[in-house]
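Working notes, structure below.
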Amino acid sequence: MDAATITTWMNEIAGAVRAERDYLIQLDAAIGDGDHGINMTRGFDAVVRALAQEEDGTPGKLLTLAGKTLVSSVGGASGPLWGSALRRGGRALGDAPTFDDEKLVEALEAALASVVDLGAAVLGDKTMVDALQPAVTTLRREVDAGTVLPVSLRRAAEAAEVGMRATIPLQARKGRASYLGERSVGHQDPGATSTALIVRALERTVAGSQ
Amino acid sequence: MAMRKFLNDPEQLVKEALVGVELAHSDLLRFDRENQLLISKSAPRQGKVALISGGGSGHEPLHGGFVGVGMLDAACAGEVFTSPVPDQMLAATKAVDGGAGVVHIVKNYTGDVLNFKMAADEAADEGIKVEAVVMDDDVAVQDSLYTAGRRGVGATVLAEKIAGAAAERGDDLAAVAGLVRHVNERARSFGIALSSCTPPASGKPIFDLPEGEMEVGIGIHGEPGRRRAPLGTASEIAELMVEAVISDLKPASGANLLVFLNGMGGTPQIELYLMFAEVEARLSKAGYKTTRSLVGSYITSLEMAGASLTVLELSDATTALWDAPVNTPALRWGV
């Protein structure tokens, strides 16, 4: 995997959040303020534009740039959370022109750690952590077991989607949905939903290149 | 159904509105288009502590309407209901710092807190003294280790005025930030919605409110409240708001109060005055003295119908700071 993997992944995410924009808005309107689809689309469109202007960056540099772009263009909670996550992931990839399966897992572990540090959310709080953490844990386990990467990523994406659906019966304890108290129960978390899209986009990126 | 809004392109609404603010109030402030900031014409002033705030747009006149003299030095405008980004807050901090430090007044929403935190860290790296204070006065939300905590709502307006006056008279950074904290500690708010609102970018009302019902315990982003209830009379609703605020604030007996009856954007002033009378009667019956008041739409949720009540327990010091001159687009007296 190399710089093109990162660029393709970001393009895939931009396409996915644009396609699901109205669905994310609808989920967010139920328990938040209805702007999640708009913010994620604005952010990843900006990332695609920023990466298109970057001629010859390393994968780490591109992922860091993607994170910085999100911080500067999204706002809300998603901007700092995903922005810091991708920056930390980019730093974990280092300066090498390519990266292997192990490095990819390390980058995603760093991204998860960043989200948990900044957002102070844990599993079960009805946030993006509910999708991201199972995805990263699954990916780590599969890669350590020697599973080929496309299969590992498919299982990680499935774990993210299971975690995403598991947010439905939860009462939110972090983020804007927490203001609703018990009324947040019965709705799927928009942040966990976009997170599952982001993991699924990575799976497609890697599957398409191998 | 088409939105009944004055729009050209929803994506340009915030910028286009800020152009209007600058044109209407060019004596007081200027619009930094690149960073989407409103900056006081009098900033930076050497030796004066500067105050900035910011947040999503759609709450007008908050925050840009409070930029001028005796209140905020700059306001960062995000997209509608979306926190601004750290680049904006950093640019605002640098634009207004007069060497005495900058107070960040942050409403307690996850996004606002995270973005302001990133900006404060970067400002500190560049050698600017920043004190951030997070406002969380909304009693509708339970505060515990297991929630995002209470929201920052009406008390933000009062904190910006009172701390702004303290900065104006020359208080240092710790004192100005301390006053923001004091106002936050001695004020509580509670809001009721009679309708939803429609963010221009999505074009749909955030929630559906059937006739004859109200949302109880709302914030300022059109989000549903804690519960839904049958629409009561003004008197019943006032009772609900006063009870929620006073039971949590627990003012000293016979305390002097600043009573702020705020409209959410779609409720006419005549109804706000009616509600104020209902609220004042209850507070007075409970032995409190409403020595200062503010009635009007100052922290809004687009065109939402509804109102919020904020009560601040006053001291002689905060009363004097409230009375001090202020000259901004939305609050102006003593000048």
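Some values worked out for this structure:
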{"quantity": "Flag if B:LEU29 is touching an Asp or Glu at 6+ places or on another chain (Cβ under 7 Å), away from chain A (no Cβ under 14 Å) and closer than 30 Å to B:THR198 by Cβ", "calculated": "yes"}
{"quantity": "Any hit, segment B:75-83, residues being of a type outside the set (A, V, I, L, M, F, W, C), surrounded by fewer than 21 Cβ atoms within 10 Å (Cβ to Cβ) and in the same structural domain as B:ALA174 (by TED's automatic domain parsing)", "calculated": "no"}
{"quantity": "Any hit, segment B:94-104, residues being in a helix (DSSP H, G or I) and not charged (D, E, K, R)", "calculated": "yes"}
{"quantity": "Residue within segment A:47-61 that is within 14 Å of chain B (Cβ to nearest Cβ) and of a type outside the set (A, V, I, L, M, F, W, C) present", "calculated": "no"}
{"quantity": "Test: B:ASP138 is farther than 19 Å from B:ILE52 by Cα and not assigned by TED's automatic domain parsing to the domain that holds B:GLY58", "calculated": "no"}
{"quantity": "Members of segment A:83-120 that are over 25 Å from A:GLY57 (Cβ atoms) and under 15 Å from the mean Cα position of the chain (by Cα)", "calculated": "A:VAL116, A:GLY119"}
{"quantity": "Filter result for B:SER83 (outside any helix (DSSP H, G or I), under 26 Å from B:GLY222 (Cβ atoms) and free of Cβ contacts under 8 Å to residues at least 40 places away in the same chain)", "calculated": "yes"}
{"quantity": "Only one of A:THR195, A:THR98, A:THR167 that is away from chain B (no Cβ under 14 Å), more than 22 Å from A:THR64 (Cβ to Cβ) and hydroxyl-bearing (Ser, Thr, Tyr)", "calculated": "A:THR167"}
{"quantity": "Filter result (surrounded by fewer than 21 Cβ atoms within 10 Å (Cβ to Cβ), outside any loop (DSSP other than H, G, I, E, B) and at pLDDT 95 or above) within segment B:118-132", "calculated": "B:GLU131, B:ALA132"}
{"quantity": "Subset of segment B:7-26 that is out of contact with any helix residue (DSSP H, G or I) (no Cβ under 9 Å at 6 or more places or on another chain) and either over 20 Å from B:THR82 (Cα atoms) or hydroxyl-bearing (Ser, Thr, Tyr) (or both) - its residue that is surrounded by the most Cβ atoms within 10 Å (Cβ to Cβ)", "calculated": "B:GLU22"}
{"quantity": "Sole residue being under 24 Å from A:SER72 (Cβ atoms) and crowded, with 24+ Cβ neighbours inside 10 Å, chosen from B:THR93, B:THR156", "calculated": "B:THR93"}
{"quantity": "Hits in segment B:174-208 (condition: modelled with pLDDT of 90 or more and within 14 Å of chain A (Cβ to nearest Cβ))", "calculated": "B:SER189, B:PHE190, B:GLY191, B:ALA193, B:SER196, B:CYS197, B:THR198, B:PRO199, B:PRO200"}
{"quantity": "Within segment B:159-188, considering residues that are in contact with a Gly (Cβ under 6 Å, 6 or more places away or on another chain) and either without any contact (Cβ under 8 Å) to a residue 40 or more places away in the chain or under 16 Å from B:HIS104 (Cβ atoms) (or both), the one surrounded by the most Cβ atoms within 10 Å (Cβ to Cβ)", "calculated": "B:GLY164"}
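To keep it simple, each residue is scored yes or no on (1) under 29 Å from A:GLY208 (Cβ atoms); (2) modelled with pLDDT under 95; (3) surrounded by fewer than 24 Cβ atoms within 10 Å (Cβ to Cβ).
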site	(1), (2), (3)
A:LEU118	no, yes, yes
A:VAL151	yes, no, yes
A:ALA159	yes, no, yes
A:ARG176	no, yes, no
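The values are calculated or read from the model by the stated rules, or taken from the named source; none is laboratory data. Since we're looking at a predicted model, the values are computed, not measured. Glycine gets a Cβ as well: all are built from the backbone with ideal geometry, and neighbour counts include every protein chain shown.
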